[in-house]
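For reference, the structure discussed in these notes is given below.
The values are calculated or read from the model by the stated rules, or taken from the named source; none is laboratory data. Here the structure is a predicted model, which is why all the values come from computation and not from measurement. Note that we place each Cβ from the backbone using ideal geometry, even for glycine, and neighbour counts take in every protein chain shown.
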Amino acid sequence: MGEAADHTTLVRVMGWGRIPQRSRIQLCSCVALLFNGPIQVKQRTQMNTTLKITTLAACFILSASVTAVAGQAPLTWKTGVASTVITPETSMWMAGYASRTNASNGVKQELFAKALALEDEQTNRLVIVTLDLIGIPRTMRKNLEKRVQEGFKLPPEFLLLNASHTHSGPEFRVGRTPADDGEFKPAKAGELYGAKLEEKVFALIGEALNSRAPARLLYSHARCGIAMNRRLPTERGYQNSPNPEGPVDHDVPVLVALSENRKPRAILFGYSCHNTTLALYQFCGDYAGYAQEYLQADNPGATALFINGCSGDQNPYPRGTFELAQRHGRALATAVEAAIGVQRPREIKGPLRAALAEIVLDYAPIPSREEFGKRLSSTDRYEKRHAERMLAKLEAGEKLPVNYPYPVQVVHFGQDIVLVALGGEVVVDYSLRLKKELAGPVVWIAGYSNDVMAYIPSRRVREEGGYEAEGAMRFSVTHPGPWAPTLEEKIVSQVHELNRRLKGD
Ligand SMILES: [Zn+2]
């Protein structure tokens, strides 16, 4: 780094440029965590000494008046962000665990829906909505697609919805898309909540679009170790238990929208881990909720948004208490800070391109009526109830489905980022495989996107068996049984096809 010609202080902050300073750094009791990586200050004083200050537990915050940034890249993007509380106003049945015996009894942490609107120089616009909820019903996705196209002229391929998959949120899928829980839970409150949610998300998208302002986009990534594979091979098959030998993806991708004043306006980050530290009875965003909360508290004015990755077979460990959820949240927030603080961020350029497709995912051959009949005497109560539901449909004259429309979305940020958003609870094999196979400097794979209908095992997991392969389908009222083992090739092929289309190959 060169030195200034006078007594100006030069501050180099994580590779984001050189900032002429005149005593602009303020020591402060709060922690500007985004700027909390190693900060080197070189100060040419009358004694021509060089000071190097490294902030570890430090309290540096850059003054809002730091705007004259030498050599700053142009603000080629426009970004807007909006956030709204979606915590239920009353007690509700909670989503995610079939074994729960009663409804919620309080709020530990507010749940949020957030929207990030990005517009490139050609005025292509992408909106990413993140939800502190178990999933996204297909019906809600479809309704919103239609409404944002009509209301905001936003094509469906430029709308990405992602759920954090917290298991401490309300069950609202009942009645719209039925719950994937073991028993049918009272549906009315869920229906009302789902209807309100759709309105809130629609308004939120409009709010984010309307708040667009000039920005730069920067990408970096780091690692976080709280996720562990949860498929343990045993003599009784694969059990849901910690498996430190199993595959993981500890990558933490981070996209930051910087405002004109060089402060982060939005921090979008991802991670591949079930949001299941907690199995209690109070609403809470779990580790992902805490990570967002901490990042926002430490970066006033910024909205933090979490995108869940390929977490189908990944759990945070250890689990069970609010304190652990907070610790995991802090660990993830620290990784986000590390991504920005340690790496030299990549300046992201446009144009935005996006493609969305629905593919037909086949089920394995569906059990016959007789087979479902035999399961009525199963000692496994979930298998028995699934059989009852399927038989009830057959009795009513319905045909059981033989396939399901599965959403695959690919977004390109120029030549810089390939973002793949897959539906369902995608296991980590998809992330690892697609990162290898897709060309591009940055590959970001999201699961839990646009429709969270079931687990999405890889061929390997499907053939190994166990909960993510087939067992979880017992809780469904939609799916008659497990997927055909061809699903991985179908999904991956579609990703490649969309990627080629966007590249213009
Ligand atoms: Zn899950």
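Please verify whether the range 288-303 includes one or more residues that are in a loop (DSSP other than H, G, I, E, B), within 16 Å of the ligand (Cβ to nearest atom) and hydrophobic (A, V, I, L, M, F, W, C). Checked the range 288-303: no residue is in a loop (DSSP other than H, G, I, E, B), within 16 Å of the ligand (Cβ to nearest atom) and hydrophobic (A, V, I, L, M, F, W, C).
The condition of being modelled with pLDDT of 95 or more, surrounded by 23 or more Cβ atoms within 10 Å (Cβ to Cβ) and in the same structural domain as Glu347 (by TED's automatic domain parsing) holds for Leu217.
The set of residues in the range 452-464 that are more than 14 Å from the ligand (Cβ to nearest atom) and in contact with a helix residue (DSSP H, G or I) (Cβ under 8 Å, 6 or more places away or on another chain) comprises Ser458, Arg459, Arg460, Arg462. When the test is whether a residue is within 19 Å of Asn240 (Cα to Cα), part of a helix (DSSP H, G or I) and free of Cβ contacts under 8 Å to residues at least 60 places away in the same chain, Arg462 passes it. Among the conditions (1) surrounded by fewer than 20 Cβ atoms within 10 Å (Cβ to Cβ); (2) in a loop (DSSP other than H, G, I, E, B), the only one that Ser493 does not satisfy is (2).
Assess whether Gly312 counts as being assigned by TED's automatic domain parsing to the domain that holds Gly471, in contact with a strand residue (DSSP E or B) (Cβ under 9 Å, 6 or more places away or on another chain) and either more than 19 Å from Trp444 (Cα to Cα) or not hydroxyl-bearing (Ser, Thr, Tyr) (or both). Considered against the rule, which asks whether it is assigned by TED's automatic domain parsing to the domain that holds Gly471, in contact with a strand residue (DSSP E or B) (Cβ under 9 Å, 6 or more places away or on another chain) and either more than 19 Å from Trp444 (Cα to Cα) or not hydroxyl-bearing (Ser, Thr, Tyr) (or both), Gly312 comes out as yes. Residues considered: Gly481, Gly465. Of these, the only one that is among the small types (Gly, Ala, Ser), closer than 23 Å to Arg138 by Cα and surrounded by fewer than 23 Cβ atoms within 10 Å (Cβ to Cβ) is Gly481. Scan the range 229-272 for residues that are basic (Lys, Arg) and closer than 17 Å to Gln296 by Cα and jot them down. Listed by number, the residues that qualify are Arg262, Lys263, Arg265. Restricting the range 207-223 to residues that are assigned to a helix (DSSP H, G or I) and out of contact with any Leu (no Cβ under 9 Å at 6 or more places or on another chain), the residue that is farthest from Glu121 (Cα to Cα) is Glu207. Here Ile307 clears all of (1) surrounded by fewer than 24 Cβ atoms within 10 Å (Cβ to Cβ); (2) among the aliphatic types (A, V, I, L, M); (3) in a strand (DSSP E or B) except the condition numbered (1).
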